[in-house]
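What follows is calculated from the coordinates using simple rules that are stated; it is not laboratory data. The structure displayed is predicted, hence computed values, not measured ones. Here the Cβ is made from the backbone with ideal geometry for all residues, glycine too, and neighbour counts use every protein chain on show.
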Amino acid sequence: MEQIELRAESRDVFGKKTKRLRRSGLIPATLYGPRTEPVSLQVRERDLRSVLDRAGMHQLISLRIDQADRPRMTLAREVQRDVITHSLLHVDLYEVVMTETITAETPLTLVGEAPAVATKAGLLMRGLDSVQVQCLPGELPESIDVDVSGLEEKDQAILVKDLVVDEAIEILTNPEEVIVKVLPIKEMVVEEVVEEEVEPVEVEVIAAAKEREEEPEEVLEEAEQPEDEEPEGEAE
């Protein structure tokens, strides 16, 4: 198994001050484990990126802190990233005990060529990308191969229980889970659309009046009749 090494330094900067670390190219980290008191660390961003690209969350990382001679075997457990820029913000490293079993996610790698796909009898549907395994840290596989060369017909599938792994590795994922399956290609039936002759429908337009004669509106001007004036009464 490839040895992946990461160097780290002790960290004495916490809280909001860690922004200065990130600006200088250092990422805050925390080391912890079943027999390890939490240790605050800082690692170079470019080194951490390279290590995570190779180890992911499922491969052992040999961690060297400061000038220590003996490395500490760890797994990346939680990686925090900026939601917008995806830049690294923080990483948690879990120190394993080499004599005690651990649980980890192991990726699945499809190998070979499915005859059902080659003959266009079907398409491969991927169900799982990884499975959960339990084993000693030193037995942790980088990945598990899934041979699809036996998939010759539609509806054939490979389940978790069909995986072949070393006896030292126990797979904890449900054995009936589908890893990959051949789905039949549905033939697309193109129905011919027959255009029927549509007879034009005569639309009878009923006019309110065929010839609407506009009659001039007669404006009746009522002559205002002056009100009869009452005769002036005699002054007393």
Inset, instruction - Quick one: count up the residues across the range 97-118 that are over 18 Å from Val178 (Cβ atoms) and either in contact (Cβ under 8 Å) with a residue 12 or more places away in the chain or in contact with a strand residue (DSSP E or B) (Cβ under 9 Å, 6 or more places away or on another chain) (or both). - result: 10
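If you check Thr101, Thr85, Thr106, which single one turns out to be farther than 24 Å from Glu152 by Cα, surrounded by 14 or more Cβ atoms within 10 Å (Cβ to Cβ), out of contact with any Cys (no Cβ under 8 Å at 6 or more places or on another chain) and of a type in the set (Val, Ile, Thr)?
On the way: Thr101 fails: out of contact with any Cys (no Cβ under 8 Å at 6 or more places or on another chain); Thr85 fails: surrounded by 14 or more Cβ atoms within 10 Å (Cβ to Cβ).
Every option except Thr106 fails the conditions.
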Inset, instruction - Please specify each residue of the range 125-139 satisfying the condition of being in contact with a strand residue (DSSP E or B) (Cβ under 6 Å, 6 or more places away or on another chain) and either surrounded by 16 or more Cβ atoms within 10 Å (Cβ to Cβ) or on the phi > 0 side of the Ramachandran plot (or both). - result: Leu128, Ser130, Val131, Val133, Pro137
Legend entry - Residues being part of a loop (DSSP other than H, G, I, E, B) and under 11 Å from Leu108 (Cα atoms) - total across the range 118-176: 7
Inset, instruction - Report yes if Gln59 is among the polar types (S, T, N, Q), touching a residue at least 12 places away in the same chain (Cβ under 8 Å), outside any strand (DSSP E or B) and touching an Asp or Glu at 6+ places or on another chain (Cβ under 7 Å), otherwise no. - result: yes
